[in-house]
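The next block holds one structure in the form of structure tokens; read it before the comments.
The values are calculated or read from the model by the stated rules, or taken from the named source; none is laboratory data. Worth saying up front: this structure is predicted, and the values here are computed from it rather than measured. Note: ideal-geometry Cβ built from the backbone for every residue, glycine included; neighbour counts use all protein chains shown.
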Amino acid sequence: MKNIRLLLLLVTALTFTACPDDDILALFNDLPSVNFDVATVIALPSGADITNLVTFGGVNAADYRSDLSLNETVTVSRPDGLLPTDGFLYVTAVIFDDQDVEVEFDEVTNISSDGNLELVVPDGEPADYYDNPDGVPSFILRAIDADQAVDIDYKYLVEVTIERNDIIFGPYTIDPKIRIKSVN
């Protein structure tokens, strides 16, 4: 029995030490499944706030917060509940700090003006992925800096459109939150 425990411990240790850093980080990234009743949403007028109709990982978007440690990411992508033929785009994503001041992103580096967040281009996409005027099917934010003692809170306002049967509905807004956990 002791040998089995030792073998299991050795295999676990080798697994983590043999993986490149990016693979280890991927284990801790936030990939919430986004859900909402599409028929209910597209019946609403353009500009409607659908935060209370959307869930992130089963939690209402109004209450959901991505807690990120340094170098962790949150990836927000195509919601569940859409038909395979439906189009869905994140038209804009505006980040606000805890004082409700908009956090800008450098167009070349994709790093936030406060230096804490990076807008990550998905694998296989061109460097100008986020420059699409129609929007993008997903977006990724990475925590690249953290305070030594205090958590850093953000909220983001996302505008989305849904295309069904060649009709574009929206944009609609969703208002979730992000927290970068302090180093200590």
Given the structure, is Phe88 within 28 Å of Ile162 (Cα to Cα) and modelled with pLDDT of 90 or more?
yes
Assuming Asp98 fulfils every condition listed in (1) surrounded by fewer than 15 Cβ atoms within 10 Å (Cβ to Cβ); (2) more than 19 Å from Lys155 (Cβ to Cβ); (3) touching a residue at least 40 places away in the same chain (Cβ under 8 Å) apart from one, which condition is it?
(2)
So, Thr40, is that one surrounded by 13 or more Cβ atoms within 10 Å (Cβ to Cβ) and modelled with pLDDT of 85 or more or not?
no
Qualifying positions in the range 133-150 - under 18 Å from the mean Cα position of the chain (by Cα) and part of a loop (DSSP other than H, G, I, E, B)
Gly135, Pro137, Ser138, Ile144, Asp145, Ala146
Residue that is nearest to Ile95 (Cα to Cα) [pool: residues in the range 151-181 that are of a type in the set (D, E, K, R) and not in a strand (DSSP E or B)]:
Asp175
Quick one: would you say Val101 is of a type in the set (A, V, I, L, M, F, W, C) and over 18 Å from the mean Cα position of the chain (by Cα)?
yes
Touching a Pro at 6+ places or on another chain (Cβ under 6 Å), touching a residue at least 12 places away in the same chain (Cβ under 8 Å) and within 22 Å of Asp151 (Cα to Cα), is that true of Phe56?
yes
For the range 105-119, check the following and say yes or no: at least one residue is among the acidic types (Asp, Glu) and touching a Leu at 6+ places or on another chain (Cβ under 6 Å).
no
